[in-house]
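The values are calculated or read from the model by the stated rules, or taken from the named source; none is laboratory data. This one's a predicted model, so the numbers in the text were calculated from it and none came from an experiment. All Cβ positions, even for glycine, are placed from backbone atoms using ideal geometry, and neighbour counts span all protein chains on display.
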Amino acid sequence: MPSPTSCLLLNPSKPSSFRRLSAPAPHLHARRFHVSCDAPRGSGRSGGGRREAIPTGASKAKKQIVFFDAAPPVSQEGGAAVEKAGGEKPTTKVGSGNAALALVRRATKRTLAVLSNLPLAISEMFAIAALMALGTVIDQGEAPSYYFEKFPEDNPVFGFITWRWILTPGFDHMFSSPVFLGLLALLATSLMACTYTTQLPMVKVARRWSFTHSGERIRKQEFADSLPRASIQDLGVILMGAGYEVFTKGPSLYAFKGLAGRYAPIGVHLAMLFIMAGATLSATGSFKGSVDVPQGLNFVIGDVMKPRGVSLLHRMFSILKSMSTGSTWSTMTVERSMLARDLQSIVLYDQEGKFVGVRRPSSKLPIEINGNEILIEDAIGSTGLDLKTDPGVPIVYAGFGALMLTTCISYLSHSQIWALQDGSTVVVGGKTNRAKLEFSEEMNRLLDKVPELISADENVLNTKSTAT
Amino acid sequence: MLFATLEHILTHISFSTISIVITIHLITLLVRELRGLRDSSEKGMIATFFSITGFLVSRWVSSGHFPLSNLYESLIFLSWTLYILHTIPKIQNSKNDLSTITTPSTILTQGFATSGLLTEMHQSTILVPALQSQWLMMHVSMMLLSYATLLCGSLLSAALLIIRFRNSFDFFSLKKNVFLKTFFFSEIEYLYAKRSALKNTSFPVFPNYYKYQLTERLDSWSYRVISLGFTLLTVGILCGAVWANEAWGSYWNWDPKETWAFITWTIFAIYLHSRTNPNWKGTNSALVASIGFLIIWICYFGINLLGIGLHSYGSFTLPSK
């Protein structure tokens, strides 16, 4: 049964038409005519800068209903932003006195438009992916001589890659190279610009419900159907049963579901920004070091600590512990290598890696490797202490939590349904942003449930008058 | 010993059943669609599912840890996940093209897992200390779920590309087309759609209408499946990051596996963003998803093959070494 919250019959003073009288004429124009179809490039453009339309309620008498097309997804903004950047736009609001300010404002707007451009963002992501892949292909963090040897100038890899290609842009330490970090920063600004110019205005638009009195517009939706001899009230009740928020006003109905799915991408972007901010903090403010202490000696924490309030962190592990659990410890020098599975016996290998022998520390038997005599006197355990502090972790974790939550919510689809009582027929149209196939299936199922009225006209009129 | 025998039997049952299922698919393709055969292939999938589940459970019981500690187990888990994906839309009773992807994928992963390459991994071992954590279950299972989902989604996209550009493929290389015809069952589905539709309808049929409808459906399904996989991948990577912060002292180490997981994430983020542009929807986004298919394999398998980095638990050496 209709509860007051879900079936809301709007009083006439509630704004049903969202015209903003104070808006500059061209934008109003653009917004008004791009209503129902999918991809209004022009409306996207006008939304790029100023979608701050506030319902004034001044035009309640208007018959022309503007229903906002659900905010266009990012890309339309992006695609349109190019045009916007290219074309001149008169700035109407700015007074003649502060022309400099106008210039600055226009410049900011253009920068924002360029930055929130979707193709740019996508190419940034591609570039970052490519650089990361390159970073795993090229061995990282070696000495320059390694690269001189591996990518020689006289015999370049693939005919052109020499060490200059790697060392000049800093690809030997890819993940801290200025190119990579710069790209990440650029992506972060793109994210911010997109959130600011596209997504936040979308919130204001998507929150409002909107009715339409034009059957034509309803029929133009992705899903459209008409039910002969049906009542819009029945449809409303059925939609409510299916979890929709239903609003009716006179002969028209508007219902939506899954608004969170519309908002969640904003959350995803904000969470990404959070993580990036936290990571920056980690990179600048974190500290890591380790002390290695042989058995019987003392830790000198000062060895690793710099004089800036470093708190000692939780991680402490010992090589001894890892030995007891099965991994091995080994040292390698140019002439020989030693391998100690435990402290009882030490396996020795020569320069070529050939097995030479096993010695116990207590045996006092010398062993000859490559002409050198080696005597194992004793094997002592050594333990280490890792010190770490990272002020970015709480922020990054907050970002992680938000990201997980918002990506999950993003899977929901935001469905909107409009319906209009046209005589005895109900015209139904709807659209959704994600699960399109499921949506039309669900709609077909729900519309099958709508009862058919026998004496159509009277019934419709009756229900209409009583339902208030 | 008992468990080992049980596992052995179960893997063989599942593998032979899935082979039979594939054979049934091929027969229905070549001869005619027979109702009974189609049902029996469904039953075969259920039998496979139960034997794989049995295998995983017995592994879990016998080893005492979640059966995801090496490549062999993860491959078995992957085919189990593919089955789950196969079932979910069935429960909702919506017709879809997923089964055309999941069935062959299941047999391929199973076939690889049981092939001679990984024999020394078939015995379960003690978990290395670094993996002894509750996070193992969360992180690894999430990652594998997301891999399976993304693989399915990107294969659907690849099928879309092939159907859309079939004629140019013909022109391009005959051999390749034959190969694709053998392996991509959605192609077959398309033939079916066309054939049954021709049988059922009497009004004039536009030659490209069914093709269009099929690509639209594939597009929509791959979008849904990839978004699900992307969500799982996000959760998996973030769980891994939290675990890494506990185990290695830093939540991000630019380890090759991590980096490639992030590349995968980026590629599918690009896919999701490219979908929002109506001009790029369809072909371009499907192209991105197909790149994503390769990237997942590099991430899941290529890095293990190299055995580099901190994630070397899943690595394996080829028998010659």
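Considering A:V293, A:V268, A:V237, the condition of being more than 30 Å from A:A113 (Cβ to Cβ) and modelled with pLDDT of 85 or more is satisfied by A:V237 alone. Per the conditions (1) buried (at least 22 other Cβ atoms within 10 Å of the Cβ); (2) aromatic (F, W, Y); (3) facing another protein chain (nearest Cβ under 10 Å); (4) in a helix (DSSP H, G or I), the sole criterion not satisfied by B:Y300 is (3).
Do we have any residue at all in region B:260-280 that's of a type in the set (V, I, T), over 22 Å from A:Y411 (Cα atoms) and in the same structural domain as B:Y300 (by the TED database)? No, there is no match, as no residue in region B:260-280 is of a type in the set (V, I, T), over 22 Å from A:Y411 (Cα atoms) and in the same structural domain as B:Y300 (by the TED database).
Would you point out the residue of region A:131-140, among those that are within 11 Å of A:F171 (Cβ to Cβ) and within 11 Å of chain B (Cβ to nearest Cβ), that is surrounded by the most Cβ atoms within 10 Å (Cβ to Cβ)?
Taking region A:131-140 first, the residues within 11 Å of A:F171 (Cβ to Cβ) are A:131, A:134-135, A:137-140.
Filter again for within 11 Å of chain B (Cβ to nearest Cβ), leaving A:131, A:134-135, A:137, A:139-140.
On the way: A:L131: 19, A:L134: 13, A:G135: 21, A:V137: 11, A:D139: 13, A:Q140: 15.
The residue in question is A:G135.
Here A:K364 passes the criteria (1) within 14 Å of chain B (Cβ to nearest Cβ); (2) assigned to a loop (DSSP other than H, G, I, E, B); (3) not small (G, A, S) except the one numbered (1). Which residues, taken from region A:393-422, are at the interface with another protein chain (Cβ under 9 Å from one of its Cβ atoms) and charged (D, E, K, R)? Result: no residue meets the conditions.
Tally the residues that are surrounded by fewer than 17 Cβ atoms within 10 Å (Cβ to Cβ), part of a helix (DSSP H, G or I), more than 14 Å from chain B (Cβ to nearest Cβ) and modelled with pLDDT of 80 or more, restricting the search to region A:155-185. Adding up the residues that qualify gives 5.
Listed here are the residues, each with its yes/no results for (1) in a helix (DSSP H, G or I); (2) at pLDDT 80 or above.
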| position | (1), (2) |
| --- | --- |
| A:A402 | yes, yes |
| A:L412 | no, yes |
| A:V427 | no, yes |
| A:E438 | yes, yes |
| A:E441 | yes, yes |
| A:P451 | no, yes |
| A:E458 | yes, no |
| A:K464 | yes, no |
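Given the condition within 14 Å of another protein chain (Cβ to nearest Cβ), under 29 Å from B:N304 (Cα atoms) and aliphatic (A, V, I, L, M), answer yes or no: does some residue in region A:141-150 qualify? Checking region A:141-150: not a single residue is within 14 Å of another protein chain (Cβ to nearest Cβ), under 29 Å from B:N304 (Cα atoms) and aliphatic (A, V, I, L, M).
Rundown of residues vs (1) more than 7 Å from chain A (Cβ to nearest Cβ); (2) in a loop (DSSP other than H, G, I, E, B); (3) within 21 Å of A:A435 (Cα to Cα), yes/no style:
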position	(1), (2), (3)
B:T215	yes, no, yes
B:V225	yes, no, yes
B:T234	no, no, yes
B:C239	yes, no, no
B:G249	no, yes, no
B:K257	yes, no, no
B:F268	yes, no, yes
B:A286	yes, no, yes
